[in-house]
Amino acid sequence: MSIIGIDLGTTTCEIAYLKDGKPCIIEDSYGKKNIPSVVGIVNNKATAGNTAQNNINDYSFFASEFKRDIGKKDKFIVLGDEKFTPQELSTILLKELKQIAMDYIGEDITEAVITVPANFNSYQRQLTQQAGILAGLNVERIINEPTAAAMAYGIENIDEEAKILVFDLGGGTFDVTILEMFSGILDVISSRGNNLLGGKDFDTEIENYVLDLINKKYNISLYDDLVNDELINVKKIIKSKVKKAKEELSSIEATNINLNNIAKINNKDISIEIYLTRSEFDKLTKHLVDKTKLTIEEALKAGNLKKEDIDIVLLVGGSTRIVSIRNLVQKMFPNKLKEGINPDDAVALGACVQAGIKNNCFSSDTGLIVTDRCNYNLGTGIVKIIGGKEVSDMFDLLIPVDSSIPCSGKNTYSTSYDDQTSVDIEVYEGYDKFVYNNTKIASFSVDGIPKAPKGVQQVEVEFNYNLNGVLEVNVKIISTGKIQKKIVTNKDIEEVTKNIKKYVENSINEDDWINHPLARVVKRSINLAENKMDSLDEEKRKTLKFLVSKLKQAVLDYDEDLVDMYEEQLTDLLFELRTKG
């Protein structure tokens, strides 16, 4: 069985595997290594990648560019009669990528390393990991895309010592990460990004320009004057022509956008031919290029570095082929651009390198050690005494941005009113001193605090941020020693599990519990129970087996309440058996 690396991109995906100790890109059955990040549904049957792109003509049954929306509340994509969340569509896409890899390699694939934008938060990372699990993959590692690209470079240049800036502009997201490479170690210094900036936005600027010219020529508002299938078809044509024009302007100085008889409005055929120069394109998109410059400067500032400190610049992502982008980077870092790295392949190749490291496929002389960073401030909401007055909704920082991961932070808090028996823990990501200006990623209650006057009872809150960027919160009641552990999650993940199963049939079985984010909470109890079974009589073994099975299923269903209940029952039974044994 092989382990693969997956670049789960906004517009395209790439897959890589280790062949004779070298990472290699996998091609699909069409001979394509860039696999479109698209999903189509026909008669309750899901297709993805080039199969979907080549065979689905009805745009209403076709979804693309959904990665940007992973983790957004109440975000659904309608395909026919069904509603899908972005993470559900990612599950279908990942299942297709797994099948492509198995067909190409000729082996079963059970494990993958998946990349995400450096700016993805804890919840988005969990949803991506869960999508992989639902697709039938053991996803023990989620790594940042720029870090993966640096790994692809580092594995080929293991003896170099350099500060590397990775400029990663994909179809829908943008990241800048600065790393230091020395003695086979890649140490992330800082990372900044924008999950709403990518090649798609450059397309949109051309599209708006085209629409403006059409509207002026015919005194209409093209998209507003069309409905239903006609609107869908016109949008599809224009977006395709615009994307092609953008790509052509990366190699030629000017291109034509021909839209002949694209629609009929008020009995008039709508046609236009637009001559678009690279210079005009650069003017249209200058504000987007300027945004990338600001992000570079933020990453340098966060790492306490100057432009002159950078030794190597790696361009990653297909959108770095845009000439104005390359010119900006070249101007900021003269002669630092490292050519010869395919922008489309670098992330998947790096994910594959990480997979190889995890499976000990590299010797200590040829392997890499990678240290990554936390990309957000992480903290909790508290009440503070300021100037003798209580101020609520204050943000208390526990793990600062750019902390090397894995990392942890903790603080102790007192009860805020008399006879308080429970406390609400709210987890936030952000930079403001007030929680309402930050992003809440979880909240839960801890009970069992003994009654006492205000300020007497204390709870210790500890954050543990792991290598996948997933946060675990431990809350300890000081006076009783009781500890409650909580992996920061969201009930939306349960809905992913429930709604997607019919589209990924046979992807999940009970044994997949071990790959789940909640597994670490219950692994020890389950292992103890399974080791104990052979020594028990049939009745006790049956009871123990039932509880273990229920606990595993609760983990797979991401039902934290049931996990807590069944683990407590299992622990009590194990203690009872040990006492009687």
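What follows draws every value from the coordinates through simple rules; no lab data is involved. Being a predicted model, the structure only gives us computed values, none of them experimental. Neighbour counts are summed over all protein chains in view; Cβ atoms, including those assigned to glycine, are modelled from backbone coordinates with ideal geometry.
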Q | Using θ = phi - 60° and Karplus 6.51 cos²θ - 1.76 cosθ + 1.60, couplings along region 269-279 (whole Hz; Gly, Pro as x) | A | 6, 9, 9, 7, 10, 10, 9, 10, 8, 5, 4
Q: Express in % the proportion of alpha carbon pairs of region 1-113 at distances exceeding 22 Å.
A: 32
Q: Sequence neighbours fewer than 8 away in the same chain don't count; with that in mind, list the lysines whose C-alpha is under 28 Å from Lys540.
A: Lys523, Lys532, Lys550, Lys552, Lys580
Q | Largest-first principal axis extents of the Cα set of region 44-196 (Å) | A | 55, 38, 26
Q: Report the equivalent ellipsoid semi-axes for region 199-284 in whole Å, largest first, defined as the square roots of five times the eigenvalues of the gyration tensor built from alpha carbon atoms.
A: 23, 13, 11
Q) Along the principal axes of its C-alpha atoms, what lengths does region 367-415 span, in descending order and rounded to whole Å? A) 56, 17, 13
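Give me the one-decimal Kirkwood hydrodynamic radius in Å for region 274-362, with the sum taken over alpha-carbon pairs.
Mean inverse Cα-Cα distance, inverted, gives 15.3 Å.
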Q.
Please list, ordered by chain and number, the residues whose modelled amide H lies under 5 Å from the amide H of Tyr376; skip anything fewer than 5 residues away on the same chain.
A. Asp402
Q) How large is ³J(HN,Hα) for each residue in region 354-360, as worked out from phi by the Karplus curve 6.51 cos²θ - 1.76 cosθ + 1.60 (θ = phi - 60°), to whole Hz, x for Gly and Pro? A) 4, 4, x, 5, 4, 8, 6
Q: Could you state the angle between the C-alpha long axis of helix 560-580 and the longest principal axis of the C-alpha atoms of the chain, as a value from 0 to 90 degrees rounded to the nearest 10?
A: 30
Q: Using θ = phi - 60° and the Karplus relation 6.51 cos²θ - 1.76 cosθ + 1.60, list the HN-Hα couplings for region 474-480 in order, rounded to whole Hz, with x at every Gly or Pro.
A: 10, 10, 10, 7, 4, 6, 9
Q | Sorted peptide list for 369-380, 530-541, 401-412, criterion being average Cβ within 10 angstrom, highest first | A | 369-380, 401-412, 530-541
**Q.** Taking the C-alpha atoms of region 378-487, convex hull volume expressed per residue in Å³
**A.** 97
Q. Cα-Cα over 30 Å: which of Lys22/Lys45; Lys73/Lys98; Lys246/Lys306; Lys83/Lys293; Lys216/Lys236?
A. Lys22/Lys45; Lys246/Lys306; Lys83/Lys293
Q: Starting from the Cα of Lys410, draw a straight line to each of the lysines and keep only those under 19 Å, dropping any in the same chain fewer than 8 residues away.
A: Lys384, Lys433, Lys440, Lys476, Lys482, Lys485, Lys486
**Q.** Reduced Cα scattering model of the chain, Debye log10 I(q)/I(0), q = 0.07, 0.11 Å⁻¹
**A.** -0.48, -1.12
Q.
For a protection proxy built on the mean count of beta-carbon atoms within 10 angstrom, sort 155-166, 253-264 highest first, please.
A. 155-166, 253-264
Q.
Let me check I have the definition right: for region 162-210, take the eigenvalues of the Cα gyration tensor, multiply each by 5, take square roots. What are those semi-axes in whole Å, largest first?
A. 32, 9, 6
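Would you calculate, for the chain, the mean residue ellipticity at 222 nm contributed by helices, counting each DSSP H stretch of 4 or more residues as -39,500 (n - 2.57) and dividing by all residues, to the nearest 500?
Counting only the DSSP helices, I get -11000 deg cm²/dmol.
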